[in-house]
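For reference, the structure is listed below as structure tokens.
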Amino acid sequence: MSSQVPFLYPLSEDGSPGEPWELDRPSLMVGRGESSDITVFDDALSRGHFLIVREAGEFFVVDLDSQNGTKVDDRPVTGCKLKSGQIISAGTSRFQFSTELLPVPNLPNPVALTVTPRVLTAPALPG
């Protein structure tokens, strides 16, 4: 894995990435609760659904005993090492882990955002 800080992108219904969060901390919690580092409006998410953890220069996703589980590339996981391009599914939300800054539609000059508590409305998954 490169020494560059990776990103977590929320994905829209059509799979296009939204504004990224820069994964610049040792761990970040994603969930619907206000105490999450990344707060997502998605009733199918637990308050603290999963963690992204950096350890020895590698990144891992860890499910926090969520009610609806966490998947990586459509496979249920309790924890696993992340590779660039993998898709994390939690509740009705999907996120892409990437070691590169991706072009984001509808943003004139895409820039990485430092993670701060903020809210995102989850897109519905097809089917």
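Look through Ser27, Ser46 and report the one residue that is touching a strand residue (DSSP E or B) at 6+ places or on another chain (Cβ under 8 Å), polar (S, T, N, Q) and over 26 Å from Val104 (Cα atoms).
Ser46
Could you pull out every one of the strands (runs of 3 or more DSSP E) wholly within region 1-56 that has 1 or more residues that are touching a residue at least 24 places away in the same chain (Cβ under 8 Å) and either out of contact with any Lys or Arg (no Cβ under 9 Å at 6 or more places or on another chain) or under 14 Å from Ser98 (Cα atoms) (or both)?
7-10, 27-31, 50-55
Go through region 41-50 and report how many residues are under 20 Å from Cys80 (Cβ atoms) and either basic (Lys, Arg) or surrounded by 20 or more Cβ atoms within 10 Å (Cβ to Cβ) (or both).
Of the residues in that region, 4 qualify.
Condition first: among the hydrophobic types (A, V, I, L, M, F, W, C), touching a residue at least 24 places away in the same chain (Cβ under 8 Å), surrounded by 15 or more Cβ atoms within 10 Å (Cβ to Cβ) and part of a strand (DSSP E or B). Can you find one or more residues in region 70-83 that meet it?
no
Laboratory data are not the source of any read-out in this text; all were calculated from the coordinates shown. Remember, predicted model here, so these are calculated numbers, not experimental data. Positions of Cβ are generated from backbone atoms using ideal geometry, with glycine treated the same way; all protein chains shown enter the neighbour counts.
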